[in-house]
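See structure below.
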Amino acid sequence: MAGQFVVTRNGRDSFCSQDELLKLAERGLLSRGDLVYHPVLGRWLYAREVEEIKAQLARAATLGLPVGPALPVASNGEAVAGFVLGLLGHLPLLGFVCCVLGIYFSGRGLKRAAGLQNRGHGLAVAGMVLSIVFLVPATACSALVLTGLLQ
């Protein structure tokens, strides 16, 4: 075939022969939505419209090529909040409030972890333990500060 194909991928143009274009399609390096300038037709086409590579694109798609982007993984925000609040339980005045909220959010995080294939379970347990451990000292510290302020 006379002339060179021009392939536009990710905003970059590259020149290639028909054989190189076939190899790109076979390897899955050419997606169906990439633009290809056809030298014989004299116009831009989507790769899925170029007759010379339709079969290769179809084979690459049936083999699973190219691989799409990974799906986002759901996170357990309640478990993270419970852990952070459990860590903040050592603060002198805010410790008591942080511990109580840490227990609440860690409990919710444990329930949510069951529905998310145990994602965040460890953080929720750690947040619960930290909140319970810091609850007694935080309560005592808050009581001492409040009695000092009231006298």
Quickly run through the stretch 5-23 and pick out the residues that are without any contact (Cβ under 8 Å) to a residue 24 or more places away in the chain and on the phi < 0 side of the Ramachandran plot. Arg12, Asp13, Ser14, Phe15, Cys16, Ser17, Asp19, Glu20, Lys23
How many residues does the stretch 8-37 hold that are part of a strand (DSSP E or B) and either of a type in the set (S, T, N, Q) or not assigned by TED's automatic domain parsing to the domain that holds Glu49 (or both)? 2
Being of a type outside the set (Ser, Thr, Tyr) and modelled with pLDDT under 85 is the filter; apply it to the stretch 23-54 and report the residue that is surrounded by the fewest Cβ atoms within 10 Å (Cβ to Cβ). Gly33
Only one of Leu88, Leu93, Leu135, Leu116 that is surrounded by 16 or more Cβ atoms within 10 Å (Cβ to Cβ) and in contact (Cβ under 8 Å) with a residue 24 or more places away in the chain: Leu135
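Within the stretch 93-109, is there a residue that is small (Gly, Ala, Ser) and farther than 30 Å from Val73 by Cα?
Yes - at least one qualifying residue is present in the stretch 93-109.
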Among the residues of the stretch 29-38, write down those that are in contact with a helix residue (DSSP H, G or I) (Cβ under 9 Å, 6 or more places away or on another chain) and either charged (D, E, K, R) or touching a residue at least 24 places away in the same chain (Cβ under 8 Å) (or both). Leu29, Leu30, Ser31, Arg32, Asp34, Leu35, Val36, His38
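The values are calculated or read from the model by the stated rules, or taken from the named source; none is laboratory data. Remember, predicted model here, so these are calculated numbers, not experimental data. When we count neighbours, we look across all protein chains shown, and the Cβ atoms used for this are built from the backbone with ideal geometry, even at glycine.
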